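As structure tokens, the structure follows; a few thoughts come after it.
The values are calculated or read from the model by the stated rules, or taken from the named source; none is laboratory data. Computed from a predicted structure; not experimentally measured. All Cβ positions, even for glycine, are placed from backbone atoms using ideal geometry, and neighbour counts span all protein chains on display. The protein model used for the area step is the full one, side chains on, heavy atoms only, and it has no ligands, DNA or RNA in it. Shrake-Rupley method; radii C 1.70, N 1.55, O 1.52, S 1.80 Å.
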Amino acid sequence: DGTAVDIHESRLVQSELEQAQRQFKLLVDNIGEVFWISSADKQNMLYVSPGYSKIWQRSPKELLVNPRQWFEAIHP
């Protein structure tokens, strides 16, 4: 006996997730402002937009490693 599994819903969810990711990337690649995503406890930066490097001439990756750079950049 074989078991049939309906993967239609799983594929639909995956397709919607991929579409949302494409839209997010399109937004962040074309917005000049700085925005970020942090953990709920604000202890870790999860994402920093490319606008950060355009404004402060610093790599967003540096900010992910050392979130205190944000405070140093806006108020030395």
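Anything in the range 1-26 that is open to solvent by less than 80 Å² (accessible area, probe 1.4 Å) and either among the aliphatic types (A, V, I, L, M) or in contact with a Cys (Cβ under 6 Å, 6 or more places away or on another chain) (or both)? List them, or say none.
ILE7, ALA20
If the Cβ limit is 9 Å and pairs must be 6+ apart or interchain, which residue in the range 38-57 that is free of Cβ contacts under 8 Å to residues at least 40 places away in the same chain pairs with which residue that is basic (Lys, Arg)?
Once the first residue is free of Cβ contacts under 8 Å to residues at least 40 places away in the same chain and sits in the range 38-57, its partners that are basic (Lys, Arg) give VAL48/LYS61; TYR52/ARG58.
What pairs come out if I take residues in the range 61-76 that are closer than 15 Å to LEU46 by Cβ and pair them with residues that are assigned to a loop (DSSP other than H, G, I, E, B) and modelled with pLDDT of 80 or more whose C-beta lies under 9 Å away, six or more apart or interchain?
From residues that are closer than 15 Å to LEU46 by Cβ, the pairs are LEU64/ASN44; PRO67/LYS42; PRO67/GLN43; PRO67/ASN44.
Can you report the number of residues in the range 27-71 which are part of a helix (DSSP H, G or I), out of contact with any helix residue (DSSP H, G or I) (no Cβ under 7 Å at 6 or more places or on another chain) and open to solvent by less than 100 Å² (accessible area, probe 1.4 Å)?
Count: 6.
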